[in-house]
There are 2 protein chains.
Amino acid sequence: MTLFDAGLSGSATAGPGPAQVKLVVAYDGTDFSGFAAQPGQPGVRTVGGVLAHAIGKVLRHEVRLACAGRTDAGVHAWGQVASFLSEPGLDPWRLQAAVTSMLGPEVVIRSAELAPSTFDARHSAQWRTYRYTILNRRAPDPFRDRFTWWVPDPLDLRALRLGADPFVGEHDFASFCRKGPEGSSTTRRVLESRWVDEGDGVLRYEIRGNAFCWQLVRSIVGTLVEVGLGKRRPGDMMAILRAGDRDAAGQLAPPRGLCLWEVGY
Amino acid sequence: MTLFDAGLSGSATAGPGPAQVKLVVAYDGTDFSGFAAQPGQPGVRTVGGVLAHAIGKVLRHEVRLACAGRTDAGVHAWGQVASFLSEPGLDPWRLQAAVTSMLGPEVVIRSAELAPSTFDARHSAQWRTYRYTILNRRAPDPFRDRFTWWVPDPLDLRALRLGADPFVGEHDFASFCRKGPEGSSTTRRVLESRWVDEGDGVLRYEIRGNAFCWQLVRSIVGTLVEVGLGKRRPGDMMAILRAGDRDAAGQLAPPRGLCLWEVGY
């Protein structure tokens with residue numbers, strides 16, 4: 001029987017037909033070329049590639065993963081969500097344990113559950129939250145290095161916060177995105193954009209939005225850091241947004257500080 | 001002029017003579033064969049080896065490092081202290097910045113200062129504090145993995161605490177140490193031995209003592225974890241101490257969870 005022979009069950013319990021499986025996945029993205037599997041390039045190691053391979057081994061059939069956020073090379077996740085259509089009779093708990101024992105601790109399935117047949121990790125998502133962590137101390141920290149961007153010069157937190165405010169709302173983010181396919185929209189709705197001072201020089205930027213175009217968070221953070229260093233004014237953010245020109249914004253913050261934190265459905 | 005030509009200055013400021021330099025060093029020990037330089041084995045990468053090499057390059061003379069704790073392969077430090085005799089005119093701040101830019105973020109000099117000529121990182125130390133961190137959750141955590149021991153089965157914190165109490169005081173720790181040179185003492189004075197519940201499944205064991213013999217903390221933690229899992233009783237600890245036999249104690253906890261936290265002078 002192929003995956004699509006039987007009718008979809010529509011129920012979140014293990015019925016007789018195939019079902020969507022929803023996974024919440026955490027990973028250390030340091031040694032991966034991003035999430036999205038790149039089937040044409042066998043030497044490229046991606047989170048989605050190793051995950052689909054491990055699930056396929058456990059279930060003994062190939063799976064096609066959908067994901068909530070196609071994180072870039074070196075970007076991490078605590079709450080990435082992936083989904084796939086499974087053949088009947090799947091035990092989510094067993095799948096979770098088997099895959100985590102194969103891929104953990106680098107890639108860990110934090111939860112696995114059966115979802116309605118209409119569920120799709122990407123298209124059903126209502127919002128995504130990303131966190132970007134900066135270590136703002138004179139000296140780097142060996143324990144935080146993999147997951148933070150070390151900025152040794154002092155950042156003005158008040159300026160960072162003033163600079164973060166204008167992003168809330170619906171905007172065309174063309175100035176902060178790498179161009180997608182011709183004609184694709186760069187308009188997104190941002191629900192939250194704020195800095196959290198964790199103390200001891202650890203500053204966390206948190207942004208929640210309906211969706212994110214390519215490199216959006218990293219270019220916002222890179223530009224805000226220029227504001228925090230006094231190289232730009234917080235008031236410039238609105239003008240950069242309006243310019244609709246990628247060259248108007250600042251540098252790209254490095255991937256190591258970025259983490260896909262949570263996805264809402 | 002050799003290092004030892006001039007008289008020692010005895011002052012903590014940059015006088016005309018050579019002076020002891022005190023460094024506080026943090027490192028991610030994952031990819032090192034411990035702290036102690038192994039001069040006879042050129043292929044072995046140690047923290048002390050790379051540190052002495054970098055300092056030598058900056059100061060343009062060889063240095064001999066003393067250290068407060070000879071951490072094992074894979075063990076980390078936040079507050080390791082190292083010292084060496086420097087030629088006159090050293091600028092500690094410049095040394096710190098130059099060495100950290102060469103070795104950071106894997107090895108970071110957190111502070112560098114001139115110390116009295118009698119100072120020695122090892123012999124002047126009054127106490128050392130080690131921390132051992134356990135992740136006690138069903139699933140591993142990609143963000144904590146390098147610096148914690150993942151124990152998936154539930155640990156009884158009350159039993160861990162009862163088991164930790166008897167270590168305080170002066171004891172012969174022969175049951176918990178790998179044998180040192182013939183005739184060397186395994187008696188040590190422990191000032192503090194306690195568990196801190198950091199929440200979210202993170203349990204931290206903290207032990208402060210005048211000195212530690214080889215593998216002492218890891219064999220205490222390995223044995224306490226057997227207590228926490230119900231395989232031994234907290235009351236067994238005293239009997240194990242008294243046995244004076246390495247086979248009486250439990251498994252060795254893995255090095256990844258251990259960190260030399262602070263040294264007192």
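No lab work stands behind these numbers, since they all come straight from the coordinates. Since we're looking at a predicted model, the values are computed, not measured. Virtual Cβ from ideal backbone geometry, glycine too; neighbours counted across all protein chains shown.
For the reader, a short list of remarks on this structure follows.
- Of all lysines in the structure, those lying under 30 Å Cα to Cα from residue A:231, and not within fewer than 8 positions of it along the same chain, are A:179.
- The phi-based Karplus calculation (6.51 cos²θ - 1.76 cosθ + 1.60; θ = phi - 60°) puts the 3J(HN,Hα) values of segment A:83-90 at 9, 7, 8, 10, 6, x, x, 6 Hz, whole numbers, x for Gly and Pro.
- Per-residue average of Cβ from other chains inside 10 Å of A:105-115: 3
- The angle separating the long axis of helix A:47-59 from the principal Cα axis of greatest extent in chain A is about 20 degrees.
- Chain A - percent relative contact order, Cα under 8 Å, separation 6 or more: 22 percent
- Scaled radius of gyration (Cα, divided by 2.2 N^0.38 Å) that segment A:90-189 gives: 1.57
- The two copies B and A are related by a rotation, and the chain B beta carbon nearest its axis, with distance in whole angstrom, is B:146, 4.
- Restricting attention to chain B, close to 90% of DSSP beta bridges with both partner residues there are antiparallel.
- Segment B:19-115: relative contact order in percent, alpha carbon pairs under 8 Å with at least 6 residues between: 44 percent
- Cα-based Kirkwood hydrodynamic radius, chain A, one decimal, Å: 19.6 Å
- Approximate spin-label separation residue B:91-residue A:192, in nm, with each point projected 7 Å along Cα-to-Cβ: 4.6 nm
- The aspartates and glutamates within cross-link reach of residue A:57, meaning a Cα-to-Cα straight distance under 14 Å and a gap of 8 or more places when in the same chain, are A:87.
- When you filter the GluC sites (Glu not before Pro) in segment A:117-192 for DSSP loop state and at most 15 other Cβ atoms inside 10 Å of their Cβ, you are left with A:182.
- Relative packing of A:51-62, A:135-146, A:72-83, which averages over residues the other C-beta atoms within 10 Å, highest first: A:72-83, A:135-146, A:51-62
- Axis angle, to the nearest 10 degrees, between helix B:216-228 and the longest C-alpha principal axis of chain B: 20 degrees.
- Dipole magnitude for the protein assembly as shown: computed about the Cα centre from +1 point charges on Lys and Arg Cβ and -1 point charges on Asp and Glu Cβ, it is near 20 debye.
- Shielding value for B:132-145 is 5, the average number of Cβ atoms from other chains within 10 Å of each residue's Cβ.
- Residue A:38/residue A:178 FRET efficiency (R0 30 Å; Cβ-Cβ; nearest 0.05): 0.95
- The orientation-averaged shadow of the Cα convex hull for segment A:19-115, equal to a quarter of the hull surface, comes to 5.5 nm².
- When residue B:126 is represented by a point 7 angstrom out along its Cα-to-C-beta vector, the spacings to that point in the other copies are 5.8 nm, nearest first.
- In this assembly of identical copies, the label point of residue A:57 (Cα plus 7 Å along Cα-to-Cβ) is separated from its counterparts by 4.0 nm, sorted shortest first.
- Between the helical axis of B:92-103 and the longest alpha-carbon principal axis of chain B there is an angle of about 60 degrees.
- Legend: Rg and Dmax of segment B:127-264, from Cα coordinates, 14.2, 45 Å.
- Each other copy holds its own label point for residue A:45; taking that point as 7 Å from Cα along Cα to Cβ, the gaps run 1.6 nm, nearest first.
- Segment A:127-264: relative contact order as a whole-number percent, Cα under 8 Å and 6+ apart: 37 percent
- Across all C-alpha atoms in the protein assembly as shown, the radius of gyration and Dmax reach 27.1, 90 Å.
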